[in-house]
Structure formats: C-alpha cells, structure tokens
Amino acid sequence: MRTLTYIILLAAPLALAACDAADDTSETMMPDEMANSDSMPMSGEMPMAEETGGEQSASAEGTVTAIDPEAGTVTIEHSPVESIGWPAMTMAFEADAQILEQVSIGEGIAFEFRTGTEGSVVTSVTPR
Ligand SMILES: [Cu+2]
C-alpha cells in the first residue's frame, strides 16, 4: 500500500509537468500564429491606415443645407470629390465662425477643406 501511495505522489507532479509542457507548446504556437497573421494582413494595412490618418486637402462644390453655429458645423450637399475618392453626399463639416458667417442655407458654394481622422474642416468658401 505504501509503495502505491508513493507511486501516485510521484505520478501527480509528473502529470502536472506533462500538462505544463502541453501548455507551453500551445503557448509557443500562439505567437507563431499571431506573427503570421501580423506579417500578412497587418503589413498591408498599416501603410494604408497611415495614409488615411494623414490629413488631405481638397476643394469641392456644393449647396449649404444646414448651419449650426453652436456645434461649429456647416452641412453641405457636395458633388463628388475625385481627388480624394469621395462620392456625392450630404455631410457636416466643421467650420470656424468666420467661415459660418460667409454661408447661408440654400446657397451654392465652392469650398476648400481638409479631411482626416478627426473629421473634415472647411478652410475657405467662395460663393458660386
Ligand atoms: Cu462628403
């Protein structure tokens, strides 16, 4: 009986060690898989994310559909902006008070803006 107990006591740590070993192999496989998935799509996406993160400037034409001085925004129904691949759409641009003073609802305008991850900001407006 004593020998059997000893065998069990000896076997238990061995079994644990075997489990640890199994964990280790599955853990070492994880970084491999992650490294593979990193190197494949991530390296392709990273430069693109940086491109869209950087601000771009463009000019467009449109019609003012709403002005919100409190929010500091002007909503413009604008035609396509080919230089940055935008389709025609109605969207809100940020604009400072000076810009907002120059526009009125229903007015056709040509405008310049910059756009990036923080949103799009009208930088100048001319009546059309
Ligand atoms: Cu737009």
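Some observations on this one:
- Test: residue in the stretch 93-105 that is under 27 Å from the mean Cα position of the chain (by Cα), more than 20 Å from Arg128 (Cβ to Cβ) and at pLDDT below 95: no
- Matching residues, the stretch 76-120, being exposed (fewer than 11 other Cβ atoms within 10 Å of the Cβ) and away from the ligand (no atom under 11 Å from the Cβ): Glu82, Ala97, Gln98, Gly106, Thr117, Glu118
- Unmet criterion (only one of (1) at pLDDT 95 or above; (2) within 14 Å of the ligand (Cβ to nearest atom); (3) in contact with a helix residue (DSSP H, G or I) (Cβ under 9 Å, 6 or more places away or on another chain); (4) within 16 Å of Glu55 (Cα to Cα)) for Thr73: (4)
- Listed by first and then second residue, the pairs with beta-carbon distance under 8 Å, at least 6 apart or on different chains, first residue in the stretch 84-97 and over 13 Å from Ala71 (Cβ atoms), second more than 11 Å from the ligand (Cβ to nearest atom), are Ile84/Gln56; Thr90/Thr65.
The values are calculated or read from the model by the stated rules, or taken from the named source; none is laboratory data. Because the structure is a prediction, the values reported are computed rather than measured. Counting neighbours? That spans all protein chains shown, and the Cβs are built from the backbone with ideal geometry, glycine included.
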